[in-house]
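No value in this document is a laboratory result; all are computed from the given coordinates. Everything quoted here is computed from the prediction, not taken from an experiment. Note that each Cβ is placed from the backbone with ideal geometry, even for glycine, and that neighbours are counted across all protein chains shown.
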Amino acid sequence: MTKKTLLTLTLNGEETDVATPMDATLLETLREDMGVLSVKRGCNQGVCGSCTVILDGEPVRSCLTLSARCKGHDLRTIEGYEADDIMASLKQHLTQSGGIQCGFCTSGVLLSAQTYLAENPHPTRDGVKSALSGNLCRCTGYRTIVDAVCDAAVEVAR
Amino acid sequence: MTEIYTPKSIQEAISFLAAHPDARPLAGGATLIAMRNAGLIEASHFVSLSEIGELQGIAKTGEGIRIGAMTRHRETAECDLLTGSLAVVRQAAGMIANRPVRNMGTMGGAVSNADPAADYLPALACVDAVVTLAGPDGQRDVPVRTFVQDWYETALDEGEIVIAITLPAPRNELSLYRKVARVTGDYATASCAIAMDGDTIRVAIGACGPGPIRDTEAEETLRGHLANPEAVTAFAGQLAALADPIDDVRGSAEYRLALIPRLIHAGLRQMKLAEVA
Amino acid sequence: MTDQTPFVGGAVGKSFAKLDNAEKAEGKALYIADLYRPGMLHGAILPSPLPHARIKGYKLDAALAAPGVVAIVTGDDVGDGRMGAFIKDEHAIAKGKVLYVGEPVAAVAAKTEAQARAACRLIEVDYEELPAILSPEDGLADGAPILHENLATYFKVFDAGSQGNLAARTVLEEGDVASAWDDCDIIVEGEFTTQAQAHVAMEPCGALAEVDAAGRVTLWSANQSVFRVQANVSESLSLPMSKLRCLTPRVGGGFGNKMEPHIQPITVALALKAKRPVKLILSREEDFEMVRARHPYKIRMKTGAKKDGTLVARECEVLLDCGAFADDSPGVLGYSLLMCGGPYRIPNLKAHGKLVYTNKLRFGAYRGFGNPQVTFAGEQQIDEVAERACLNPIEMRRRNMLHAGDGWFVGPEVASSGLAECLDIVEKRSAQARADGTKRNLGFAITAHISGLLGTGAIVRMLEDGSISLNTGATDIGQGSDTVLAQICAEKMNVPLDMVSVASPDTDGSPYNWGTTASRVTYTTGRAVQAAAGKVLDQVLRHAAEMLACDEDELELRDGARVGKIGSNTDLPYSAISARAHWAVGGPIVGSETLVFEQETHDPKRAVALGLPFPRIGIFSFAALAVDVDVDDVTGETEVVEAWSAADVGRAINPRLVEVQLEGSFVQGMGYALYEEMVWDGPKLANPSLMDYKIPTSRDVPDALHAMIVEDPEPTGPYGAKGAGEIGLNAVPAAIANAVHAATGFRHRHLPLSSERVLNGILSQEDVA
C-alpha cells in the first residue's frame, strides 16, 4: 500500500488532518483523500486550469502544488465560497449567460474570476480576460464566460 | 515515493543536496512537478527552497537590484523597481504563461531549468544580469550571458543552486521584450529583448539556440548608426550567425532566422516611436 | 424577468439556462473520474512503443508481483471479436499485432493508479518489428506492408472496396465533368493539405466497469453514445448486449472524440478478470496519443465557370489518412465528398477519394466530419473564380448558391434554406467600418451541414402527479441537448419546463439513440420527442374528454398543466388525469416514438454513387461566415479582429445555446485554422501535451464575435428545428484563408495558417513585387 503521512491542512477555513502520500500533489490529496471532487484533472501539467485552487488568496495549480507545502496556508476550493457575495453573483450570471457548457472548466473559471473581482474595484473586460487566460475552455469560445464575469462585476459594484 | 525536506537556510539546502545525490532542489514546482507528473523524473527527495528567507524578495543593493531565486514571476511582473533599462525584465515576467503559473514559478527555477524558449534569459542577458550560485565550495557569480552552456545545460555544478539574480541599477532608457508565440502565454517561438541607450542598442534573442544570443562587439560597431537600416541589418546578421535554432512544433529553424532581423528592426522602430512620444 | 421565472406555455424559442448548469456552477457535477464503487481498483494502460509489429509474447511475472496489482489483461485475454463503425477491424486491445505508437497493448488493475502505472512499466512485450506505413501514399505503393492482413474477412457495413491498405474508396458523380471543362471560360486548380487536429475536450476519456454476481457488466464512461459503447464492447468482447448495461455520468465535452470507443472495452476486460470494479482514466498525453483525431486531408480540386461566374463544373479528389483502424473514417470520406461542392448549383460535379490505413492513431469523428477540410479548398476556389470573373465574393456566392427546392449533389432534397438571408446578414454587418477606422481584411465563406442520420427514439411518461419524464438515450455532452429536448417536450405538453425531467442515458431503460454526433440530436431525437409527447397528449385529451363528458374538440390546453372545456371554467389538472390513468382507466400514460431518417441520399437518376456510406442521411442547415483579420507583417502572426457567423438552424429551440454552439465552434475552427497541429516525429506524436499543442485562450479570441440566428423552418423538424452543432466550424478555415489573402495577396493552400506560413506568403509576394 502507498505510504501515507498525516498532514494538517486548512481547507475552506477548517483545519483537517489528512492521511495522504508525502509527495502527493494537492490535486491528488483533495480528490483522493479529502473527497473534494470539484477540482479536476484535465492535464496534470499546469496548463488547462481545471485544477485551480486558491492558496493564500492567489490562484495556483493544485496539480503542481505539493500538499506537504500547504501546511499552515489558507486553501480554498469552490466549496469554500458558499457565503461569498461575489461568488454568488458570478455563479448566477454564468448559469444564465451560456458560459457553462460541459462544465469541466467551470470551478476553475469561477475561482479565477472571484479572485480578480475581489481584488479589483475597477475591473475591465481586458482585465477579466487576463485573469481567465489560465483557464482553458473548449466549449464556449469564452465570450459568454467573460460577459458573465463583467455582468457580475457591475452587480457587485452596486 | 519522493520525500520532502524543507531546509531553513541556504547552507542546510546545500549540505542536504551534497549528501543525497538523487535529491532535487524544488523552487516553485511549475516545471519540476509537471515533469514528475509526466514520469520524466524520479527523485529520492525534493529539497523545498520555499522556507529560506534569503531567497525571497526583490531589493535594492549596492550592486543594483537583487532578485531572490524564489521570487515568483508575479512579483517580478509587478515590481516598480524594474523601470527604464530593466522594464524588459518586468515585461518578460508578465508574459510568462498566465496568472496561476506566475503565482508559482520562480526566477531561480526558470533560470536553472534554462528552457531555451522561456522568457527570462533573453531579458536578463539584455540587461547584463548576474546569477549568484551557492554550492559546497561557497558562492560564486556567473554572468547570465555565459550561464547557459548547452541545450538545457547551465553553469550549475553538481550540488549548486541559484540563490539570486542581480540586475544593474536601472538607467533611464527604453527597453522592451517581444515574443512571437502561437497563443497568449505560450513559450516563445522566437523572442527579442532590446534596450536603447541613446546611440546604441543592446539586443538578446531568445528561443533561437540553447541560450540567449547577444553580441556586444556587434553592438559596439552599431553605435551611432541606429538610423542606418543597412547597419542594423548587418548587426542582425551577426546575431543570426551566432544563432543555432532548431525545427520544432513551434516553427522551423529557417523561420526563426528570418525573424531575427525583422524583430530587431521592428523593436527599434517601436522604441523610436516611444522616444518621440 | 429572469429565465428562471416560471412561465406559462411556449418553451420553444426561450433561452433557458441549461438544466445541469446549477450543479456545474456548484462544482457538484460528477464526471467519470468522480465516480467510485466499493472495492474499486484503478486501471492503467501500457502503450505500444512501435508503429507496426507482431506481438510474440508477454512477460507478466514482474508486473503481477508488483505492489497492489490484482489483474493484467492482454490480447490473450480477449477473443477474436472485432468492433468498428463501418469496418469491424478493431479488437478490444492489441491482439497479435500493434498498429500505432500508443496503441494499448496491456492493461493493469491495481489498488491505486500510481501502482497500476508503475506495474505497466514492468510488463515486457516481445515484438517483431515490421516496416511502418506513415503516409497514405506509402500505404498504396506496390509491395507496401499490409496492416490488416485479414481485411477481406472483416464485416463491412457497406461496400467500401477495401483491399490491401485501402480501407475505403468513394466515387460520386453528377453530369459529365470530363467534358464540362470545355464549356468553362475560367478554370482554377489547386492542391490543398490539411493537418490533424486534436479534440482537446477538457475532460480526458475514462470508464468504470463493474461486474455483478451473475456476470452482468455495468459500465459508466465518458461517451457520446451509450449505445455505441454497448455495441462496441459487446462486439469486441463477444459479450451479449443483454449482459451489458451502459450508463453516462456528466461528460466533459466530446467533439467526436467520445463517439466511438476509447478504453471502455479494456476497462470491462479488466473488471471481468479482476472480478472487482475497475476505473480507468486516461492522462492528457494518453488522450492525445491513444484515442483519435481529425483526418489530415490531401485535396486536389478543380473548379470551372463561365466568364460571368456561373459555376459549371468541379472535380474534387481526396486522399485521407485513416490511421490504424477504420473507426468513422469511411463515413468521413463519404460525407466530405457529398459536401465538397458546397451549397451551390454545379451541374457537373465529380467527387472521389481514398482512405488508406497507416500506422498512426485512428482518425475519426471530429466536429465537421470532413466538411471543414473540403470547404477550406472549395470556398477559396470560389473566391479565385470570383476574382477572375470580376465579381466580389458575395456576388459570386449569391449568383451560384442553392435555394430551397433544389436538390443536393447525389440526391437529397433541400427543403428549407435560409442561406440567402445568412449571406445578406454577414455582408451587411461586415460592411460597417472598424471603430478605429483602419482597413478591414475580409474573408467570406458559406457552407451547409446535414443533420438527421440513423435511429432514435423517445419515451415520454406522465408521472402520477402529472409531471413528465422524458427518456431519449441521447447523451448531453455539455451542449444542452437534455434542455433542448425538455423544451420541445414542454412545448408540446404545454407545461412549464421544470415539470419535465430528463432521464440519464441508460441502455437498460432508454430507447436506442445512435449518438450525440452529426448535429443530429435536436432534429432527429427532437422529432421523436415531439411525436412521443404528442401521443401522451392524445391520451391526456381522451381521458379529459371522458372525465369532462365532452368531445375532444371541445377541449383546450390551459396554463399550469391543465385541460379545460372551451368556454367554461371547468378544467382538470394533468395530475387528476394521470391519477385516473394510473388507478382506474387505461393504465399509466406512456407515449413512445421510434424513427430512422428515411429519405434516400442517392437519386440514381441524378448521380452515380459508389461506396456511399449513408444510404439515408438527413436535412440541411446553412451558414455564412465573414472574418476580418489583421496580419502582422513583421512576424506573420494573424489575428481575427471580428467575425460574423450567421446560421440557418430552422428554429432555435434555445437561442442562447445555438449562439454558444456557433461561437464555440468558431473558436475551435480558429485554432484549427491558425495554429493547432498534431505533429509526428517519424511514427511518434511529437506534441501530445498541452504544453506543445496549443488551443485558444480567453485572450486569443476576438471580443467582437457575432453569432446570428436565421430561421427557415425545416418542414420535418421539431417546431422547424435543424442541427447547429457543427455548422459554425466548417467555414472557418476557408474564411480566414480568404481574409489572409485579402490582407497579404497570398493564397494559402495548407493548414494551419501558422505565422511562419503567413510570413513566407508575405515574403514571396515581396519577391514578386
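Per-structure values
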| item | result |
| --- | --- |
| Per-residue [θ]222 nm for chain C (sum of -39500 (n - 2.57) over DSSP H runs n ≥ 4, rounded to 500) | -8000 deg cm²/dmol |
| Residues C:Glu90, A:Glu28 arranged by fewest to most Cβ contacts within 10 Å | A:Glu28, C:Glu90 |
| Pair C:Cys390, C:Ser568: separation of 7 Å Cα→Cβ label points (nm) | 7.7 |
| Length released on extending from C:Arg37 to C:Glu464, taking residue separation times 0.36 nm less the Cα-Cα span | 150.5 nm |
| Cut-off 10 Å between beta-carbons: net charge of the residues surrounding C:Gly161, Lys and Arg +1, Asp and Glu -1 | +2 |
| Summed side-chain charge close to B:Thr132 - residues other than B:Thr132 whose Cβ falls under 11 Å, Lys, Arg +1, Asp, Glu -1 | -2 |
| Positive-end residue, chain A charge dipole about Cα centroid, Cβ charges, pick of A:Gly141, A:Gly13, A:Leu30 | A:Gly141 |
| Efficiency of FRET between B:Ser50 and A:Asn12 - r from beta-carbon atoms, R0 25 angstrom, step 0.05 | 0.65 |
| Cut-off 11 Å between beta-carbons: net charge of the residues surrounding A:Thr52, Lys and Arg +1, Asp and Glu -1 | +3 |
| Nearest-ten-degree value, helix B:229-242 long axis tilted from longest Cα axis of chain B | 30 |
| Listed residues B:Ala234, B:Ala193, B:Ala77, most fluctuating in chain B (Gaussian network, C-alpha, under 10 Å) | B:Ala234 |
| Order of C:Lys243, C:Lys350, C:Lys56, C:Lys298 - criterion: other Cβ atoms within 10 Å of each residue's Cβ, fewest first | C:Lys56, C:Lys243, C:Lys298, C:Lys350 |
| DSSP-defined antiparallel bridges as percent of all bridges, chain B, nearest 5 | 85 |
| Residue among B:Gly159, B:Gly224, B:Gly108 with the largest mean-square fluctuation in a Gaussian network model of chain B, springs linking Cα atoms under 10 Å | B:Gly224 |
| Paramagnetic label zone (point 7 Å from Cα along Cα-to-C-beta, C:His750; backbone N under 14 Å) in segment C:185-224 | C:191-196 |
| FRET efficiency for C:Arg558 and C:Leu763, using Cβ-Cβ distance with R0 set to 60 Å, rounded to 0.05 | 0.25 |
| Chain B: radius of gyration and largest Cα-Cα distance (Dmax), Å | 18.7, 61 |
| Unit charges on C-beta of K, R, D, E only; dipole of the protein assembly as shown, Debye | 1360 |
| Relative contact order, percent, segment A:5-80 [alpha-carbon distance under 8 Å, six or more residues apart] | 38 |
| Distance (nanometres) between label positions extended 7 Å along Cα→Cβ at C:Asp80 and B:Glu217 | 7.3 |
| Modelled FRET efficiency - R0 45 Å, B:Tyr5 with B:Arg171, Cβ distances, 0.05 increments | 0.60 |
| Label point distance in nm, C:Lys275-C:Glu191, each placed 7 Å from Cα along Cα→Cβ | 6.1 |
| Among beta bridges that DSSP assigns inside the protein assembly as shown, antiparallel share in %, nearest 5 | 80 |
| Peptide C:700-707 - average C-beta neighbours from other chains (10 Å radius) | 4 |
| Residue among B:Thr132, B:Thr221, B:Thr189 with the largest mean-square fluctuation in a Gaussian network model of chain B, springs linking Cα atoms under 10 Å | B:Thr221 |
| Cβ-based exposure ranking for A:Tyr81, C:Tyr335, in which fewest neighbours within 10 Å come first | A:Tyr81, C:Tyr335 |
| Peptide C:619-626 - average C-beta neighbours from other chains (10 Å radius) | 0 |
| Cβ-isolated cysteines (cut-off 4.7 Å), chain C | C:Cys120, C:Cys184, C:Cys205, C:Cys246, C:Cys322, C:Cys390, C:Cys422, C:Cys489, C:Cys550 |
| Computed helical MRE - 222 nm, chain A, DSSP H runs ≥ 4 contributing -39500 (n - 2.57), nearest 500 | -10000 deg cm²/dmol |
